[in-house]
Amino acid sequence: MTRTLVSTRAERIPLWLLFVAGAAMAWNLFGLYQLNDSMMQSEGGLMMRGMSAEAARIYHALPAWMHVAFALGAGGGAFGAMLLAMGRRGATMVFSASLAGYIALFVGDWIHGLFAVLPGQMSIAAVVLAIAVAMLALSAWAQRRGWIA
């Protein structure tokens, strides 16, 4: 009996890895939701959500490249998770791009003073970076193990 490439990949990919890929996809889709939500808010809307006037002013005035970095990080993370779940080699490259986006976002938050005016922003950014690094490392490890090809 001849097996198809899809069934061979499905047999190779451990169930726990599929679960992790699904969780990573959900995490990054939530990031895309956050990006969209933040881009649609006015300064007043941000203050109504609990931001100080200074934080809302800074946050609302962020340059477009930071939105692009956020989209690359979250969009790349979601796409990379999908590729990982499908057993596709491109997952590692896409997770690399996602990490680059999240690093740029972290640097932008620091440059524009968000860490100083938003309590907890550095912790959130550090967790996001840690997850991006972990997903890149996991996809590279899965590729070496032959789970993705």
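Please treat every number below as a calculation from the coordinates, not as lab data. All figures in this text were calculated on a predicted structure; none of them were measured in a lab. Because the Cβ atoms are built from the backbone with ideal geometry, glycine has one as well, and the counts that use them run over all protein chains shown.
Taking θ as phi - 60° and the Karplus parameters 6.51, -1.76 and 1.60, the scalar couplings of the range 38-51 work out to 5, 6, 8, 7, 8, 4, x, x, 5, 5, 5, 8, x, 6 Hz in sequence order, x denoting glycine and proline. Label separation (residue 40 vs residue 53): 2.8 nm, computed from points 7 Å beyond Cα along the C-beta direction. For the chain, a crude dipole built from +1 on the beta carbon of Lys and Arg and -1 on the beta carbon of Asp and Glu, taken about the Cα centre, is about 780 debye to the nearest 20. Enter the angle in degrees (range 0 to 90, nearest 10) between the Cα long axis of helix 121-145 and the first principal axis of the Cα atoms of the chain, meaning the one along which they spread out most. Result, in degrees: 10. Just to be sure I understand the model, the point goes 7 Å from the Cα along the line to the Cβ. What's the resulting residue 145 to residue 127 distance in nm? Label-label distance for residue 145 and residue 127, simple model: 2.6 nm. Taking Cα atoms only, the orientation of helix 64-86 departs from the longest principal axis of the chain by about 20 degrees. Computing Cα extents along the principal axes in Å directly from the structure and comparing it against (1) 67, 23, 22; (2) 59, 46, 37; (3) 40, 36, 30 singles out (1).
You can think of it this way: the chain between residue 68 and residue 115 has 15.0 nm of extra reach, that is 0.36 nm per residue less the Cα-Cα gap.
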